[in-house]
Number of protein chains: 2
Amino acid sequence: MGSSSAAASAPWKQLLLSSIQANSRLKHSSYFQLATVSSDGRPSNRTVVFRGFQDGSDKIIINTDTRSRKIDDLKHSSFAEICWYFTETWEQFRISGPVDVIDGTNPDPLKLEQRQKSWFASSVNSRLQYMAPSPRLPVIEPPPPSQTPSLDPSIGPVAAFCLLVLDPDQVDYLNLKSNERLMFTSDINKLWTSEKVNP
Amino acid sequence: MGSSSAAASAPWKQLLLSSIQANSRLKHSSYFQLATVSSDGRPSNRTVVFRGFQDGSDKIIINTDTRSRKIDDLKHSSFAEICWYFTETWEQFRISGPVDVIDGTNPDPLKLEQRQKSWFASSVNSRLQYMAPSPRLPVIEPPPPSQTPSLDPSIGPVAAFCLLVLDPDQVDYLNLKSNERLMFTSDINKLWTSEKVNP
């Protein structure tokens, strides 16, 4: 603690920020795949949207629905791995670490504040998804008459809105153009080391 | 068995073939993310290349290196989930099922034949990867003088070449343009049912 390596941001973060920048003309460049482990021991994998880093840290923010299966997965096994492939620059980041699940019942006021911040940072259209019928339940046809929910933009997060905060402890970077691979590993004090390895 | 539903190909396959076709101008449309579970219980996730369906079936073929970590993962826990996001048509397929790992020591002659077929279906450049130094080992610099391996194109699969065959038992299809989601599930007789569910 207090050393410059601990104080500085993680060494892979600048690399990732550069990739985000270089691929930013593509809408899908902010999408990545998040793998978790289900309670039956099988892996799950789905596309989610990058919502930024938490307050200048290297923790990654994802918005999700408390009614989605990934919440059950993470309550059973808190680790996840992001696979983020950048189609323009042919770079892949595999980012692994434990995930903090922050819903409206969280006892920590700071975390609730983060959740609120992320809610207001989303578009009203995004927010409306959390008022839609439960994901994965059978569709009721014809739809009930008053199915289009309305939302006051000044109202805070609804119950289904949930924040996921992934705290990376391992990052595997692969560049398919230069054929280079770097492995970043952190110790319990969040001191990072990196090594150039065979792709 | 013998019913038309069992004889016909899986109901999600035509949907997937249409998406592959509609996105085919993009090189990366044949890439997807494969999630597995490591022996320490953490999820792993990486980009791999779709190598087609096995002999007209609905089993999905992936080529990989026996020295990669996914082989250890699959020996420990044989299930995987593919997340395949099509960036042109905004469609996602989550394809889950057990994976058969077929390396050169496989006792089944038919499986060895499939492995050989997939080897010869790959480009010579792809094949050369399996003769490269072990993935994830530290890079030795400067590289040894004779590092560029040569390969006789008529020679069969090298030891590191391995076939993965994923046999889907669950497919979750999401269309972000129409906001529709379909869940396909198969029973032990490989009879598929589908249901329209909330996205």
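The values are calculated or read from the model by the stated rules, or taken from the named source; none is laboratory data. Since this is a predicted model, take the numbers as computed values, not measurements. We place every Cβ from the backbone using ideal geometry, glycine too, and count neighbours over all the protein chains shown. Note: areas computed on protein heavy atoms with side chains; ligands, DNA, RNA excluded. Shrake-Rupley method; radii C 1.70, N 1.55, O 1.52, S 1.80 Å.
The table below lists the values:
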item	result
Ranked order, B:185, B:89 - accessible area, probe 1.4 Å, largest first	B:185, B:89
FRET efficiency, residue B:129 to residue A:131 (Cβ-Cβ, R0 35 Å, nearest 0.05)	0.15
B:46, A:94, ranked by accessible area, largest first (probe 1.4 Å)	A:94, B:46
Charge dipole magnitude, Cβ of K and R +1, D and E -1 - the range B:29-187, Cα centre, debye nearest 20	400
Using a 7 Å Cα-to-Cβ projection, residue A:11 label spacings across copies, nm, ascending	5.3
Coil-residue trypsin sites (Lys or Arg not before Pro) of the range B:123-199, DSSP, other Cβ within 10 Å capped at 14	B:177
Whole-number D in µm² s⁻¹ for the range B:134-199, Kirkwood Cα-pair radius fed into Stokes-Einstein, 37 °C, 0.692 mPa s	189
Surface accessible to a 1.4 Å probe, residue B:169 within the full protein complex, Å²	40
Structure-based [θ]222 nm, chain A - -39500 (n - 2.57) summed over DSSP H runs of at least 4, per residue, nearest 500	-6000 deg cm²/dmol
Copies compared at residue A:87 - label distances in nm, ascending, label defined 7 Å from Cα in the Cβ direction	0.4
Tail beyond 32 Å, pair distance distribution of the protein assembly as shown (Cα, percent)	38
Tail fraction, Cα-Cα pairs, the range A:33-103, threshold 15 Å, whole percent	56
Label geometry 7 Å along the beta-carbon vector: residue A:190 inter-copy distances in nm	5.1
Share of carbon and sulfur in the accessible heavy-atom surface of the range B:50-95 [1.4 Å probe, %]	44
Sequence of A:140, A:62 from largest to smallest accessible area, 1.4 Å probe	A:140, A:62
Check: the range B:1-119 dipole with +1 on Lys, Arg Cβ and -1 on Asp, Glu Cβ, in debye	260
Whole-angstrom gap from the range A:55-72 to the range B:17-72, using each part's C-alpha centre	25
Interface area, B with A, accessible, probe 1.4 Å, both sides summed, Å² nearest 100	3600
Flagged links, alpha-carbon separation over 25 Å, of A:13/A:177; B:13/B:196; A:27/B:177; A:70/B:196; B:75/B:117; A:75/B:177	A:75/B:177
Rh by Kirkwood over Cα pairs, then Stokes-Einstein D for the range A:86-165 at 0.692 mPa s and 37 °C, µm²/s	213
Heavy atoms of residue A:130: accessible area, 1.4 Å probe, square angstrom to 10	30
Surface accessible to a 1.4 Å probe, residue A:24 within the full protein complex, Å²	70
Size of electric dipole in the protein assembly as shown: Cβ of Lys, Arg +1 and of Asp, Glu -1, about Cα centre, debye, nearest 20	600
Accessible surface, per residue, of the protein assembly as shown when the full set of protein chains is kept, probe 1.4 Å, Å²	49
Cα pair distances of chain A binned at 10 Å [whole percent]	8, 31, 35, 20, 6, 1, 0
Reachable aspartates and glutamates from residue B:111, criterion Cα separation under 19 angstrom, eight or more residues apart if same chain	B:55, B:58, B:65, B:100, B:103, B:167
